[in-house]
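Note sheet for the following structure.
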Amino acid sequence: MTTNPLDLALQTELDGQKYYENQADATSDDQLKKVFEMLAKDEAEHYRVISELKQGQYANLSSETFKDVQTIFAKQLSCGEPFKAEVNNLEAYEQAIRFEDESVALYKELGAKAETDVERELFQVLVREELAHRIILQNLLEAIRRPQDWVENWEFNHLDEY
């Protein structure tokens, strides 16, 4: 039995949204909570666009999350304090990066097999979105693992305009 590519993408986005909502609920750091809430919101937006395409409509996907996260990271840097993440959550952040990597691989594969130009375009956009999420999460993980280096040498971050 073959799974419809759009159904597979919908489930992937729903899983991602739930994961990020759980991470937002699990953290006591207000800035981390904002990052995870923004990522969950992005996944919900991806779900909406995929769902509309499945109904025969296609709307452009746009997200301000990358710019908003830059602001959060800059705010954290300006106060000179590292994120207050619990060390036991590092595995959850690493899992989130793996989740984004899997999403990128899936959307590349689905894009290569897409039957229409619109589907192909959507999967290409989703690849870019998920790569941006991965960069955000990788920076977050670096900031948590090496807070002093990250604050003192903020040029290590990779949040250039995407």
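In this structure, does residue 40 turn out to be free of Cβ contacts under 8 Å to residues at least 40 places away in the same chain and of a type in the set (A, V, I, L, M)?
Details: free of Cβ contacts under 8 Å to residues at least 40 places away in the same chain: yes; of a type in the set (A, V, I, L, M): yes.
Judged against the criteria, residue 40 is a match.
Somewhere in segment 76-86, is a residue out of contact with any helix residue (DSSP H, G or I) (no Cβ under 7 Å at 6 or more places or on another chain), basic (Lys, Arg), at pLDDT below 90 and at negative phi?
Residues of segment 76-86 that are out of contact with any helix residue (DSSP H, G or I) (no Cβ under 7 Å at 6 or more places or on another chain), as a first pass: 78-79, 81, 84, 86.
Right, trim to basic (Lys, Arg) and you get 84.
Okay, now just the ones that are also at pLDDT below 90, so 84.
Filter once more, so that each one left must be at negative phi: 84.
Yes - at least one qualifying residue is present in segment 76-86.
Which numbered condition in (1) within 28 Å of residue 121 (Cβ to Cβ); (2) at pLDDT 90 or above is the only one that residue 4 fails?
Against the list (1) within 28 Å of residue 121 (Cβ to Cβ); (2) at pLDDT 90 or above, residue 4 comes up short only on (2).
Can you tell me which residue in segment 26-54 is surrounded by the fewest Cβ atoms within 10 Å (Cβ to Cβ), limited to those that are part of a helix (DSSP H, G or I) and out of contact with any helix residue (DSSP H, G or I) (no Cβ under 8 Å at 6 or more places or on another chain)?
Going through the qualifying residues, I end up with 30.
Step by step: first the residues of segment 104-120, then only those that are part of a helix (DSSP H, G or I) and free of Cβ contacts under 8 Å to residues at least 60 places away in the same chain, then the one that is nearest to residue 32 (Cα to Cα). Which residue is that?
Quick first cut of segment 104-120, residues part of a helix (DSSP H, G or I) only: 104-113, 117-120.
This time we only want the ones that are free of Cβ contacts under 8 Å to residues at least 60 places away in the same chain, so: 104-105, 108-109, 111-112, 117, 120.
Values: 104: 23, 105: 26, 108: 29, 109: 31, 111: 32, 112: 35, 117: 37, 120: 33 Å.
Among residues in segment 104-120 that are part of a helix (DSSP H, G or I) and free of Cβ contacts under 8 Å to residues at least 60 places away in the same chain, the one nearest to residue 32 (Cα to Cα) is 104.
Count, please, the residues in segment 87-117 that happen to be among the hydrophobic types (A, V, I, L, M, F, W, C), over 12 Å from residue 140 (Cβ atoms) and modelled with pLDDT under 80. Spell out how you get there, then give the answer.
Taking segment 87-117 as the starting set, the residues that turn out to be among the hydrophobic types (A, V, I, L, M, F, W, C) are 87, 90, 92, 96-97, 99, 104-106, 110, 112, 114.
Adding the requirement that they be over 12 Å from residue 140 (Cβ atoms) leaves 87, 99, 104-106, 110, 112, 114.
Still in the running and modelled with pLDDT under 80: 87.
Total satisfying the criteria: 1.
Of all the residues that make up segment 1-58, how many are of a type in the set (S, T, N, Q) and closer than 15 Å to residue 129 by Cα? Break it down stepwise before answering.
Step one: filter segment 1-58 for residues of a type in the set (S, T, N, Q), giving 2-4, 11-12, 17, 22-23, 27-28, 31, 51, 55, 57.
Pick out the ones that are also closer than 15 Å to residue 129 by Cα and you get 12, 17.
The number of residues fulfilling the criteria is 2.
The values are calculated or read from the model by the stated rules, or taken from the named source; none is laboratory data. Because the structure is predicted, anything quoted here is derived from the model rather than measured. FYI the Cβ positions are ideal-geometry reconstructions off the backbone, even for glycines, and counts take in every protein chain you see.
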